[in-house]
Structure formats: C-alpha cells, structure tokens
Amino acid sequence: MDVMEALLTRRSIRRFTGEPVSDEDIQKILKAGFSAPSANNKQPWHFVVVKDRNALEEIAKRHPYAKMLPEAGCGIVVCGDPKIEDKEGFLIEDCSAAIQNILLAAHGFGLGAVWCGLYPVTDRARAVSDVLNIPPDIIPVGLVVVGHGAEKKGAVDRFDAKKVHYGKWNGQ
C-alpha cells in the first residue's frame, strides 16, 4: 500500500472477526514499531504481545474502551522504560510514534487496529500492568488492539486550513 494511501485511509477499527493474527504478521507489525523515531535514538519502548484469551478478557473487563479486545486476534501493549529515557515527555512521544507505526503497519497488512489509551490514566495503566505482570517502574503508554476487521470505514478528510500557520502564528 502506498504510504499516503495508508496515512489517509487508516481508521480505528473496533469490530473484529475473532480470526487469529498470524505470528508472521505480528512480527512484521512489531518491526514497524521498532522502526519508529525516538529522541536521541534511545528507543525506550518494550512491547507486550497478548494473545492469551483469558488475559484479553481480563484486560477488556478493566479497560472501559477495550471491550472489543477478546474478539481481536491480539493486543500489543507499548510500554516505556524510564531507565532508558528519563524525560517522561520524550518517553511518551517515542512510544506514541511506535504506536502510530504499529497502527499503520496493521492497516497496510489488511488488518484492523485501534489505539486504546493507557497513559496518563493511572488506574487503566495499573490494571493492565497487573494482568500482564509489567514491572512497576515501566510505563504502559498504550494498548493497540489488532485483528481481522469486521467493519470497513471510508477515508475522512481531516485537513483544516485554519490550524495551519506559516512562518509564525497568524492568530486566525
């Protein structure tokens, strides 16, 4: 898929067929996550791939916006390690870039995906950490639900010229 086509047609998919995602596709999606840019190339991310049905169901019970997780093929929790990147803002930006790459890769491979936020909502992050045994010093930034989509969504043009400022803020 052409990169502009992927960028302009990627949509959040929240309904899935239940068909498993192949290990090969997961590996390719993770490679995309690892290819994200990061501040000073520190790459502070860790990825927790969740395919276990019980874990998927438990996370879905604890995250109000991840109810679709058990119907998807897997979840990928993107976490940041503050020992690698001690500036929390950069850590969150780096992990968010990895999440975006994961979303685009899933779309490019014909899969559906949706980003379910964890950071900075501490009760959501803690709940996912508890289910997945994530160490307390690691920050769960986001959960990407990945699977074979049971819905199709068309492209939406979100360009807003009023939010573009050339040279300096034009006050409009």
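The values are calculated or read from the model by the stated rules, or taken from the named source; none is laboratory data. Computed from a predicted structure; not experimentally measured. Here Cβ is always computed from backbone atoms with ideal geometry, including for glycine, and neighbour counts include all displayed protein chains.
Of all the criteria given as (1) touching a strand residue (DSSP E or B) at 6+ places or on another chain (Cβ under 6 Å); (2) closer than 24 Å to Arg11 by Cβ, the one not satisfied by His107 is (1).
Exactly one residue among Pro140, Pro120 is under 15 Å from Ser96 (Cα atoms), part of a strand (DSSP E or B) and of a type outside the set (Phe, Trp, Tyr), and that residue is Pro140.
Whenever a residue of the stretch 150-172 is surrounded by 10 or more Cβ atoms within 10 Å (Cβ to Cβ), its partners that are of a type outside the set (D, E, K, R) and not in a loop (DSSP other than H, G, I, E, B), lying with C-beta atoms within less than 7 angstrom and at least six residues away or across chains, give the pairs Ala150/Phe16; Ala155/Leu8; Ala155/Thr9.
With closer than 21 Å to Leu132 by Cβ, within 15 Å of the chain's Cα centre (by Cα) and at pLDDT 95 or above as the only criterion, which of Ile29, Ile84 stands out? Result of the check over Ile29, Ile84: Ile29.
Looking across the stretch 143-172, not a single residue is touching a helix residue (DSSP H, G or I) at 6+ places or on another chain (Cβ under 8 Å), farther than 24 Å from Glu93 by Cα, not small (Gly, Ala, Ser) and not in a loop (DSSP other than H, G, I, E, B).
Return yes when Cys95 is assigned to a helix (DSSP H, G or I) and under 14 Å from the mean Cα position of the chain (by Cα) and no when it is not.
On the way: assigned to a helix (DSSP H, G or I): yes; under 14 Å from the mean Cα position of the chain (by Cα): yes.
Yes; evaluated as a whole, the condition is true for this residue.
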